[in-house]
1. Please list A:93-103, A:70-80 highest first by mean number of surrounding beta-carbon atoms within 10 Å per residue.
2. May I ask for the accessible area buried between chains B and A, both sides summed, probe 1.4 Å, to the nearest 100 Å²?
3. Of all the C-alpha pairs in the protein assembly as shown, what % are more than 43 Å from each other?
4. Which percent, to the nearest 5, of DSSP beta bridges fully inside chain B are antiparallel?
5. For A:ASP231 paired with A:SER70, estimate the spin-label separation in nm (one decimal), with each label point 7 Å from Cα along the Cα-to-Cβ line.
6. Students often get this wrong: which residues of region B:50-69 have the backbone nitrogen under 12 Å from the point 7 angstrom along Cα-to-C-beta of A:THR253?
7. Round to a whole number: what % of the accessible area of region A:87-201 belongs to carbon and sulfur, probe 1.4 Å?
8. Calculate how large, on average over all directions, the projected area of the Cα convex hull of chain A is; give the answer in nm² to one decimal.
Amino acid sequence: MLIRKIEKIVTESHHTKSFYFKGGFDANPGQFVMIWIPGVDEIPMGLSTIGETMGITVHSVGVATEKLHSFNEGDKIGIRGPYGNSFDIQGSKLLVIAGGTGIASLMPVVEVAVKDRDVDVAIGALTKEELLFARRVEDSGANLKLATDDGSEGFHGFVSDLAGDLLSEGDYDQMLTCGPEAMMKKVIELGREHNVRTQVSMERFMRCGIGVCGSCAFDGLRICADGPVFDGEEVYGKGDFNKHRRDPAGKRTPLIPNL
Amino acid sequence: MVDLSTSVGKLQLRNPTMLASGVLGETAELLLRVADSGAGAVVTKSIGLEPREGHPNPTVIEMEHALLNAVGLANPGIEAFKEEMEVATKGAVPVIGSIFGKNVDEFTKLAVKMEEFGATAVELNLSCPHAEGLGHEIGADPKNVEEITKGVKGSVSIPVFPKLTPNVKDIVELADAAAKGGADGVVAINTVRAMAISPEAGMPILANKIGGLSGTAIRPIGVRCVYEIWEEVPIPVIGVGGISTGMDALEYLMAGASAVQIGSGVWIGGPEVFASVCKEIEEFLERNGHSSLNDVLGAAHSC
Ligand SMILES: Cc1cc2nc3c(=O)[nH]c(=O)nc-3n(C[C@H](O)[C@H](O)[C@H](O)COP(=O)(O)OP(=O)(O)OC[C@H]3O[C@@H](n4cnc5c(N)ncnc54)[C@H](O)[C@@H]3O)c2cc1C
Ligand SMILES: Cc1cc2nc3c(=O)[nH]c(=O)nc-3n(C[C@H](O)[C@H](O)[C@H](O)COP(=O)(O)O)c2cc1C
Ligand code: FES
């Protein structure tokens, strides 16, 4: 278990903070780590910054994430990983669609792709205040598009509807998406309509992160080791997609949107 | 063509590899995937009477050549597990229901349910090293092993395989007790009680502090246990602990195991590990002029 001091904490919105620490390991865009909060829990987090300094971006939703939010610079966390596969960028014009905290897992692939491709990034959130990384997307050189459910910034409505408009105008080779499954489902459907391949980044409850315990089962797939990035068509037909998760006891349970 | 089929008592297997309990075995679709990947049989996650969330994370961590886990018998409970069994038993290979309880009565109830749900055999978890009042806390005592085995045998007609703990002075006594209870075979071994501490955090890493070690590092312990049981107790043995290659499996088979289970081998090898282990066993047998797996079972005892 790698132990790292938190070097820097950035408040991104009223419920989301980024934590930066020294890496010392290689990672690819789309991979995640298991973050140990000693004495509390260990939880999966996508890497939102990859490099000499690594970063995670944490939405406070429960016991472990709240505890992490109470941490100060200098406090220690444990890190296992990086785990899982990564995005496989294809074509020269990309549309990246992020819902809520989903932009965290997409930010590194945006920053890599923009070096030699044309990248549009559509970020959606409930309100203007909850839009994450807008500035970082602009700084990367990608084209920023915003959507808010309440209309307080950018397109008034769901980011998947904004994506629909963009697809009607632009000629994209690939879509990359991370966010609530209902949103990703719409994105895959849009991809079918416009003949654009989609890669989605999925989440489920995890224990091992290394494909052994079966806690992250999504039909016959292990989110941690077969994913977290999947071809949209691979997940679309699964009975669990946008419907079920497994609770910590392993029971199939309805999926309640939580992002 | 080399014949890889084998049997453990009445249990017939197309090849000697089985999925070990607790690895990818909690959900039907993953059990089916492992069956499709080439395993000869699959063992379910250990199931109890009631749902259990298990221990908090961290519950599984990587060590050098090993995994350390204290999942803590997380499971959805036997009633909810029915729907997984309904789907899992439609696969091409036997499904063995692993169960845990705190006494004969609980084990018996669970075994009856597993038989009703279509399990080909039951495996009795008398060996999990990190759950209070369960697993090895009961299974380390030969009296309990005999009594629980006898109780379960008396209430089901499918084969019964107690799974034994290596965390005792003499595992042969446990195998002997299982045989006296009427077991159709024994499974050896479960994980080895162990701990890892993070010096920088100044505390054990597992939330449960103590867990069970599995993987390559424990193979010599498992092989020794199987070898000792074979020498002393006339009962079929299923060998488990640290198998990820055909040569690893052959160690157990030559020590006297009739079949093997693979758990942690899925970590590096993925679900494809069953097919690759079988292929390597087949190649070894061919290279050495054997036409059947039977030729090498227990071979290490004839020297
Ligand atoms: C690969 C991967 C990458 C991730 N990346 C990030 C990231 O970059 N940023 C981030 O903020 N989070 C990320 N997550 C999610 C994060 O791991 C969880 O939010 C975290 O584990 C919650 O822990 P907690 O103890 O704070 O919440 P808990 O106290 O464990 O539980 C509260 C949460 O449980 C979940 N829950 C309960 N019931 C349901 C239900 N019916 N349906 C769905 N969910 C339910 C909800 O998330 C709820 O908010 C990722 C998860 C995975 C698997
Ligand atoms: C994550 C994990 C969970 C396990 N859960 C169980 C379980 O529920 N019941 C059981 O009898 N054994 C359980 N085991 C033990 C294995 O079945 C096996 O006996 C042990 O890991 C040694 O084999 P291996 O080295 O191939 O993993 C578990 C092992 C691991 C790694
Ligand atoms: S979290 Fe253990 S298999 Fe995915």
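The values are calculated or read from the model by the stated rules, or taken from the named source; none is laboratory data. Just so it is clear, the model here is predicted, and its values are computed rather than measured. Cβ: placed from backbone, ideal geometry, glycine included. Neighbour counts: every protein chain shown. In case anyone asks, the SASA skips ligands and DNA or RNA and just uses the protein heavy atoms, side chains included. Shrake-Rupley method; radii C 1.70, N 1.55, O 1.52, S 1.80 Å.
1. On the way: A:93-103: 26.6, A:70-80: 15.4.
Per-residue Cβ counts within 10 Å, averaged per peptide and sorted highest first, yield A:93-103, A:70-80.
2. Numbers: alone 12370 and 11580 Å², together 21180 Å².
Approximately 2800 Å², summed over both chains.
3. Working: 39220 of 157641 pairs.
When every Cα pair of the protein assembly as shown is considered, 25 percent fall beyond 43 Å.
4. Details: 16 of 41 bridges.
The answer is about 40 percent antiparallel.
5. About 4.6 nm separates the two model spin labels.
6. Residues B:52-54 qualify, since their backbone N sits under 12 Å from the label point.
7. 44
8. Working: hull surface 51.0 nm².
Seen from a random direction, the Cα hull of chain A projects 12.8 nm² on average.
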